[in-house]
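Below is one structure, written out as structure tokens; the observations come after it.
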Amino acid sequence: MTERCDLLITNVHAATMDPSIPGAYGAVEDAAVAVTGKKIVWIGPRRELPECTADLVIDGEGQWLTPGLIDCHTHMVYGGHRASEFARRLGGESYEEVARSGGGILSTVRATRAASAADLYRSAEPRLRALIAEGVTTVEVKSGYGLDLETELKQLRVARRLAQHHPVNILTTCLAAHALPPEYDGRADEYIDLVCEEILPAVAKEQLADAVDMFCENIAFSVEQCQKVILAAQKLDLPVKVHAEQLASTGATRMAARAGALSVEHIEYITDADVAAMAESGTAAVLLPGAFYTLKETRVPPIDKLRAAGVPMAISTDLNPGSCPIASLRLMMNMGCNLFGLTPAEALAGVTRSAARALGICCSRGVLRPGLRADMALWPMETPDQLAYEVGALKPAEMFFGGRHVTAG
Ligand code: DI6
Ligand code: FE
């Protein structure tokens, strides 16, 4: 490291989440971190810090520094809300019944098509701010409430614009294959052709998506249809993610793993063969306990098997107006432990290192290590176990975004 740096943080404990450092959190107690430009240039025990000067020195007062949190699966840009469906589901109707009667995703499609880009921006901003206020520095945002070219582009542009005005990295994912739009009723294959031949190429041309996702489920698209979307994405050099096996076992996970997908998401109904396929292809699991909770699901993803197979397990909000209108990644960490049986350290890995894996950005984010982006949060806590345990009051004392000291929230 050079003897001059831009930012030096001393007197902190670092939960680096670096798997090469022993212990659940890759912890370095009484640490120092040096940052130059947007990157970490040195991290280690304070007593080993080389002689150096810094433009800004921050005394961490014995608090814990973690990587900035990563919410790797959201649908947070949408029009309207679905409070009335919440009431219907409380009255006994299922998510699938509501969807099949024209509600569900399609009701949000109507509201999103009708909304202006400015409306979408205004309604998404408080959701994004809520995430940032609890330590999030990277968010993935999916389209999928447009289901036509114009509205898919509108959603993705709004997501990109949100990133320009907030201290957060936003990765965008085109989820045009989310549901069948009403104008294609009975013509799902034709809609898939539209997605592959028009929507994805146009999105790629404007560089509006970092990845492509699809909803492979009995109430959405078949494995064969999703296979076509994957091929179209690969032709455009875009990585793939798949909403798979949330409601039933379909074979979507194996298909995704075979195609080298970055991640499969939900996966409550995966089988042993699916877990083996994920381990072989390096496909990450994205666990969405907030959707499980909201839909009162009872089938838990096979955490023990994923753990035993060494599959990276990310946790995310799934923030969306139907199955998880909850803008709290910290609550998801808590649910990941209480509902799915993760350990607190796995929960933190799920919103840092493993979430970076699920987004294909683990070479730049998700761990505190020299060479990676200095996206970090400093927490007033005695042990990182508190992050999964406490909900509501524990907020970052300081946040750093690309080396810049920013205010949380
Ligand atoms: N799975 C989900 O959890 C969201 N989309 C999807 O494919 C839910 C979307 C919604 O209900 O609006
Ligand atoms: Fe989702």
*Would you tally the residues in the range 3-20 being under 15 Å from residue 38 (Cα atoms) and not in a strand (DSSP E or B)?*
0
*Do you know which of the residues in the range 313-333 that are within 9 Å of ligand 1 (Cβ to nearest atom) and within 14 Å of residue 139 (Cα to Cα) is surrounded by the most Cβ atoms within 10 Å (Cβ to Cβ)?*
318
*asked:* Which numbered condition in (1) within 30 Å of residue 333 (Cβ to Cβ); (2) out of contact with any strand residue (DSSP E or B) (no Cβ under 7 Å at 6 or more places or on another chain); (3) within 16 Å of ligand 1 (Cβ to nearest atom) is the only one that residue 115 fails?
replied: (1)
*Only one of these conditions is not met by residue 353: (1) farther than 21 Å from residue 168 by Cα; (2) touching a Cys at 6+ places or on another chain (Cβ under 9 Å); (3) open to solvent by 10 Å² or more (accessible area, probe 1.4 Å). Which number is it?*
(1)
*asked:* Looking only at the range 276-294, filter to residues that are of a type in the set (A, V, I, L, M, F, W, C) and open to solvent by less than 10 Å² (accessible area, probe 1.4 Å); which one of those is farthest from ligand 2 (Cβ to nearest atom)?
replied: 278
*Selection within the range 51-91 - within 30 Å of residue 101 (Cβ to Cβ) and either among the aromatic types (Phe, Trp, Tyr) or in contact with a Cys (Cβ under 7 Å, 6 or more places away or on another chain) (or both)*: 78, 86
*For the range 27-47, what are the residues that are touching a residue at least 40 places away in the same chain (Cβ under 8 Å) and crowded, with 23+ Cβ neighbours inside 10 Å?*
33, 35, 40, 43
*Only residues that are surrounded by fewer than 24 Cβ atoms within 10 Å (Cβ to Cβ) and over 10 Å from residue 176 (Cα atoms): list them for the range 138-150, please.*
150
_Can you find a residue that is farther than 24 Å from residue 163 by Cα and either touching a Pro at 6+ places or on another chain (Cβ under 9 Å) or open to solvent by 30 Å² or more (accessible area, probe 1.4 Å) (or both) anywhere in the range 200-217?_
no
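The values are calculated or read from the model by the stated rules, or taken from the named source; none is laboratory data. What you see is a predicted model, and the numbers here were worked out from it, not measured in a lab. Glycine also receives a Cβ, built like all others from the backbone with ideal geometry; neighbour counts cover every protein chain displayed. These area figures cover heavy atoms from the full protein model, side chains too; ligands, DNA and RNA do not enter into them. Shrake-Rupley method; radii C 1.70, N 1.55, O 1.52, S 1.80 Å.
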